[in-house]
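Read through the structure below, which is laid out as structure tokens, and then see the notes.
We did not get these values from a lab; they are worked out from the coordinates using the rules stated. All figures in this text were calculated on a predicted structure; none of them were measured in a lab. Note that each Cβ is placed from the backbone with ideal geometry, even for glycine, and that neighbours are counted across all protein chains shown.
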There are 2 protein chains.
Amino acid sequence: MPKVGMEPVRRKALVDAAMRVIGDHGSLTVTMSEIAKQAGVSPALAHHYFGSKEQLLIETVRHHLQRLRDSTVTAMRAAKTPREKLSAVIHVSFHADQFTPETIAAWLAFYAEAQRSEETRRFLVIYARRLRSNLLANLKALCPGEDAERIAEGAAAMIDGLYIRQSLRSAPISIEASIALTEDYINSLLAPLSAEAAVQRTET
Amino acid sequence: MPKVGMEPVRRKALVDAAMRVIGDHGSLTVTMSEIAKQAGVSPALAHHYFGSKEQLLIETVRHHLQRLRDSTVTAMRAAKTPREKLSAVIHVSFHADQFTPETIAAWLAFYAEAQRSEETRRFLVIYARRLRSNLLANLKALCPGEDAERIAEGAAAMIDGLYIRQSLRSAPISIEASIALTEDYINSLLAPLSAEAAVQRTET
DNA sequence: TATTTTTGATTGACTGATCAATCAATAAAA
DNA sequence: TTTTATTGATTGATCAGTCAATCAAAAATA
């Protein structure tokens, strides 16, 4: 069976398996055996390729964030105006992929893990900054910089908060409602500022 | 040494110890030994009084939520108008007690745990509902019911989101800024509705 | 009051299970 | 033959949970 060049195949299979196991386990307290079994290989092979459980888990977080980033870039490219780009960022954050119970569980587990693993924390900080900065960049085109900072901060918090609330599955809000709530927030805070911003836009 | 009536003393000591250990450990992956040591008793005693690690952890969540609830009730009593009560709820959510790194870490750990422990999940659902309903009750006095629901949902999400973002300690927002952001949200959404609400209030 | 009995508090030592990590051995391609 | 892929078996550590034994206060008894 041993064909050459299995390494990338196995790595991907193991990372995907880890994601699935973490997802329906709802926690990072998963065993290498479970992950390996899910990937259809022996636990020893997982160690062979990743060196340690922690490394495998870190690769899993990285891969997860990479996918989210790719989606965001694509969605923002497709949008034309700053306001449309803003909506694109929100939509991606609530895209079905990222919003399934398993994925939400995985995110929560990552957040909890970040309290212990410096590397996991770094990844999540990058995510948080990226979300904020994607919002900020487009908001700056719509209102004064200081207001943009505030609104970006608030919108990012709201997005993350809707996530965490979704995880409890109590009175679950639909994806559309979550998006509407966030859009509503931005619109409402933007409304009294739009006149000034319009002036600013013509000036730059 | 064995004086009678130690049970309540030990239970409290162990729950407090658990909270501290979870806090600086940043996770619910703590051992009974650590907790017992922190409480100054033997691991066996912790088992004696709580039966299992899970039970001790559940009591810890319960105690934590109880304290938050008490603070909220007190703060709301002190406030007069609905708008003031609204601010009171927000202030309690961001009160220094609840906003220290250790406490935030504990909350995150609880959220992650809720994916596995049905009882923990139930407690958090109660918290989420209570927050939402405290906001909702007072908002209903300030705007039409449907709008109140939306705004309550959004404000609750924002509060939780600010929490989770705080946990990453990247570009940490101050407590005051977090409060301001939430108040700002409510004010902005309320502004265009206040006229109608005033009419409704006189009608009822 | 003095003595014995009972009861609650407490622990050290132990058990069984779980798991990450290691390693030597095997099998197939190059 | 050399290299890469792969695994079964094993080790060592960590823990939750158990248990029998100890100790001292309180209650009962003489």
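What is segment A:1-87 by shape, rounded, prolate or oblate, if you read a ≥ b ≥ c off the alpha carbon gyration tensor as root eigenvalues and call it rounded for a/c under 1.5, prolate for a/b larger than b/c, and oblate otherwise? Prolate shape, in that a/c is at least 1.5 and a/b is the bigger ratio. To the nearest Å, what is the center-to-center distance of segment B:71-117 and segment A:76-120, using C-alpha atoms only? Cα centroid to Cα centroid, the span is 25 Å. Using C-alpha pairs below 8 Å separated by at least 6 residues, the relative contact order for chain A is 20 percent.
Working from Cα pairs under 8 Å separated by at least six residues, relative contact order for segment B:1-42 is 38 percent. Of the peptides A:19-29, A:150-160, the ranking by mean beta-carbon count within 10 Å, highest at the top, reads A:150-160, A:19-29. Chain A residue nearest by beta-carbon to the axis mapping A to B, with distance in Å: A:Gly161, 1.
Placing unit charges on the Cβ atoms of the charged side chains and taking the dipole of segment A:1-147 about its Cα centre, the candidate lying farthest along the positive direction among A:Leu68, A:Ser52, A:Ala96 is A:Leu68.
Only the Cβ atoms of Lys and Arg (+1) and of Asp and Glu (-1) were treated as charged; on that basis the dipole of chain B about its Cα centre amounts to roughly 620 debye. Counting Cβ atoms of other protein chains within 10 Å of each Cβ in A:93-105 and taking the mean gives 1. Computed over chain B with a Gaussian network model linking Cα atoms closer than 10 Å, the most mobile of B:Lys80, B:Lys140, B:Lys53 is B:Lys80.
Dipole of the protein assembly as shown computed with +1 at Lys/Arg Cβ and -1 at Asp/Glu Cβ about the Cα centre; of B:Ala152, A:Ile126, A:Thr81, farthest Cα towards the positive end is A:Ile126.
When the pairs A:Lys12/A:Lys85; B:Lys12/B:Lys37; A:Lys85/B:Lys140 are compared against a 25 Å limit on Cα-Cα distance, A:Lys12/A:Lys85; A:Lys85/B:Lys140 fall above it. Per-residue shielding of B:36-43, expressed as the average number of other chain Cβ atoms within 10 Å of the residue Cβ, stands at 0. Legend: mean number of C-beta atoms from other chains within 10 angstrom of residue C-beta atoms, peptide A:148-157, equals 5. Each residue of segment A:126-133 was assigned a 3J(HN,Hα) from its phi angle through the Karplus expression (A = 6.51, B = -1.76, C = 1.60, θ = phi - 60°), giving 4, 4, 4, 5, 5, 4, 4, 6 Hz with x at Gly and Pro.
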